[in-house]
Amino acid sequence: MSYLTQPTASHFVNGAYVEDTNGTPIDVIYPATGAVIATVHAATPEVVEQAIVSARVAQGAWAALPGTERGRILGRAADMMRERNHDLSVLETCDTGKPYQETSVADATSGADALEYFGGLAATLTGEHIQLGTDWAYTRREALGLCVGIGAWNYPTQIACWKGAPALACGNAMIFKPSETTPLCALKVAEILHEAGLPAGLYNVIQGMGEVGGALVGDPRVDKVSLTGSVPTGRKVYAAAAAGIKHVTMELGGKSPLLIFDDADLENAVSGAILGNFYSSGQVCSNGTRVFVQKGIKEAFLARLTERLKGAVIGDPLDPATSFGPLVSQRQLEIVRSYIAKGIEEGARLVTGGARVERDGFFLQPTVFADVSDDMTIAREEIFGPVMAVLDFDTEEEALARANASEFGLSAGVFTRDLVRAHRVVAGFEAGTCFINSYNDAPVEMPFGGSKLSGVGRENAKAAIEHYSQLKSVYVRMGDMEAPF
Ligand code: NDP
């Protein structure tokens, strides 16, 4: 692919690209064709060691800089990401298969927003003064040290920035391990950060599968781990981090509810359901995949949804006209197809889709099931593909109880014209991120994260600062010290 500005080696460590071909080769596959477009090598123990040592060496001086200086570098990197948005978006499309129509507005741009936002916050990170009579205390907000970021494959640029930006703003170093499925984009983030003036060693990217992530999480020189991934991986990483009493952020999976009441604006509700199920071919953790529709509006909703889905332009994701791309991998395609088969087997009504698209690559039609009941597999388990389950309901109370009857608690949404009801329903949702008459917005200014099995901690907004820094309390005595003997 001549138009693809690829990274030049597998890893970015201590300010430069690094290769070690002794590591297990990992092919990078373009999901729209199945073609191998690059090969990277998993980090060997030597590369892991270089990444840890260089990060630790660089971190102290970085933390000691004034916040404005750290922020200026992040701000410069944000500008560079925006200037290079086209190339970065093409790379994101090649790595993930998501349409350029999406990647050009949602990936490098969202990464740049995070760099700009946390760059701006860097200078504001202060402690507080606490007067205690004549004595006093103060707090210092300090860096944690070395943070490890481990990413999923659906938003490789965004995840690399959502973790890197607050970590660096707070004075930490970061080692980021992308998913083996999408290894390329984070390397470009590292390259840009260093070109913007980030000292060597502060943002290292190393490749590998679970073992490399595991080696980083288990290393005593690592102070914090932030994972975006599935619940099973989250359990393993959380447990490994617990052994070293490390700080954690866990951004995990979901099976989020979207409640559509009879009085909702139908067109907006259909748009919300489409965005919340088919954007990125459904590979979004916060998707509203359990769409509860009140009985009075159900048939109208399904009819309009089916009509609107005919407008999806399925094709080459690099064509700006394409609005619906392939799944990320053959494996993910098989997983999603097995859920579709389960849906049919368990008696859900297939309204539209359900089949592969007749072309190369891992394409699957946007799929809608109706008459889904709460106990069906497709209503309980995270599918992570373009499969919407529509469930009916009668009352608000019933819908809320059923919406909350899930082990996950990432997101939840409600469409209604009754705003009192909207706020009441949102207050009742057991979820970390909620939407009223909208779905899946994730501006950097708003905290993002899950409750229940969906996660621990928050990304984005000022809330993320709490998860990348720690307070030191200092008591200052102004008079003499008394002691009993
Ligand atoms: P996985 O959980 O399979 O993998 C996540 C990352 O963890 C990958 O980089 C993986 O490496 C790594 N990993 C796997 N095992 C270990 C281990 N034992 N120790 C350390 N690292 C390990 O998730 P997917 O990549 O399949 O992503 C999909 C999942 O991510 C979905 O459940 C989705 O909901 C969730 N997600 C959550 C988001 C959120 O913000 N809440 C956002 C996006 C996705 P490798 O794959 O290379 O083996």
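The values are calculated or read from the model by the stated rules, or taken from the named source; none is laboratory data. All of these numbers come straight from a predicted model, not from anything done at the bench. These area figures cover heavy atoms from the full protein model, side chains too; ligands, DNA and RNA do not enter into them. Shrake-Rupley method; radii C 1.70, N 1.55, O 1.52, S 1.80 Å.
For a straight C-alpha distance cut-off of 22 angstrom, the lysines reachable from residue 342 (same-chain residues fewer than eight places away being disregarded) are 255.
The sum of -39500 (n - 2.57) across all DSSP H runs of n ≥ 4, divided by the residue count of the chain, sets its helix-only mean residue ellipticity at 222 nm to -12000 deg cm²/dmol.
At q = 0.11, 0.22 Å⁻¹, what base-10 log of I(q)/I(0) does the Debye formula yield for the range 210-331 when every alpha carbon is treated as an equal point scatterer in vacuo? Listed by q, the Debye log ratios stand at -0.58, -1.16. Of the beta bridges in the chain, as assigned by DSSP with both residues counted there, near 45 percent are antiparallel. Cross-link reach is defined here as a Cα-Cα straight distance under 29 Å, omitting same-chain residues fewer than 8 places apart; for residue 472 the lysines meeting it are 163, 224, 246, 462.
Considering only alpha-carbon pairs that sit under 8 angstrom and 6 or more positions apart, the relative contact order computed for the range 332-380 is 39 percent. Averaging Cα coordinates gives a centre for the range 30-87 and one for the range 153-223; these two points are 6 Å apart.
Surface calculation, 1.4 Å probe, protein heavy atoms: residue 147 sits at approximately 0 Å² accessible. Within the chain, which complete DSSP H helices have Cα atoms spanning at least 15 Å along the helix axis and a mean Kyte-Doolittle hydropathy of -0.5 or higher? What comes out of the filter, once short or polar helices are dropped, is 45-64, 85-96, 108-121, 156-169, 185-195, 231-243, 266-278, 298-309, 330-345. When the square roots of the Cα gyration tensor eigenvalues are ordered a ≥ b ≥ c, the ratio a/c for the range 6-59 is 1.5 or more and a/b exceeds b/c, which makes its shape prolate. For the chain, the extents of the C-alpha atoms along the principal axes are 78, 59, 39 Å, listed from largest to smallest. For the chain, what relative contact order do you get, as a whole percent, if you take Cα pairs closer than 8 Å and at least 6 residues apart? Result for the chain is 18 percent. Rolling a 1.4 Å probe over the heavy atoms of the protein chains gives the range 68-135 an accessible area of 40 Å² per residue. With the convex hull of its Cα atoms as the shape, the range 170-258 has an orientation-averaged projected area of 7.3 nm².
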